[in-house]
Ligand SMILES: [Zn+2]
Ligand SMILES: [Zn+2]
């Protein structure tokens, strides 16, 4: 049926399915990585889960979410170490309402920031307080006790 109305698909879901022209820097069954369209640093990549998870608020203290975020972080670290060795890195998430796209995405930055004022968007101490570092998020969602099943 031509022109069947469906809700506007999430742009990051489309990227994750590789149905856009965005070149993927990494893709596996769980996550994909690509360059931020508005880079704010020397290197600025985004790592997103293939599954649509809206924001950090949708993550829970459980093994699945914890291992997903750890995996996103290690993919981001590996890419930056490859493309921007010996730089200072920053990894983190925007918290609502400061997230630009409602599909969880890890910002992976290799400093310096370009332009330098951009740093306020990506520091937890900035006036917005809307950025949570990946390590802090991992602490927040780390399962409390070893998995027993
Ligand atoms: Zn999505
Ligand atoms: Zn963001």
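Across the alpha-carbon set of region 1-121, the Rg to Rh ratio works out to 0.99, Rh being the Kirkwood radius. Annotation: peptides 75-86, 106-117, ranked by per-residue average of other Cβ atoms within 10 Å with the highest first, follow the order 106-117, 75-86.
Note: relative contact order over the chain, using C-alpha pairs below 8 Å and six or more positions apart, is 25 percent. Here the extension length gained between residue 100 and residue 36 equals 21.9 nm, from 0.36 nm per residue of separation less the Cα-Cα distance. Counting 0.36 nm for each residue step from residue 70 to residue 88 and taking away their Cα separation leaves a gain of 4.6 nm. Helices in the chain, meaning DSSP H runs of at least 4 residues, each add -39500 (n - 2.57). Divided by all residues, the mean residue ellipticity at 222 nm is -7000 deg cm²/dmol.
Between rounded, prolate and oblate, where does region 5-69 land on the alpha carbon gyration tensor, with a ≥ b ≥ c its root eigenvalues, rounded for a/c under 1.5, else prolate if a/b exceeds b/c? Because a/c hits 1.5 or more and a/b fails to exceed b/c, region 5-69 counts as oblate.
Packing-based ranking of 38-44, 62-68 yields 38-44, 62-68, ordered from highest to lowest mean Cβ neighbour count within 10 Å.
All of the numbers you see were taken from the coordinates with simple rules; none came from a lab. Note that the structure is a prediction, hence the values are computed from the model and not measured. No Cβ is skipped: glycine too gets one built from the backbone with ideal geometry, and neighbour counts run over all protein chains shown.
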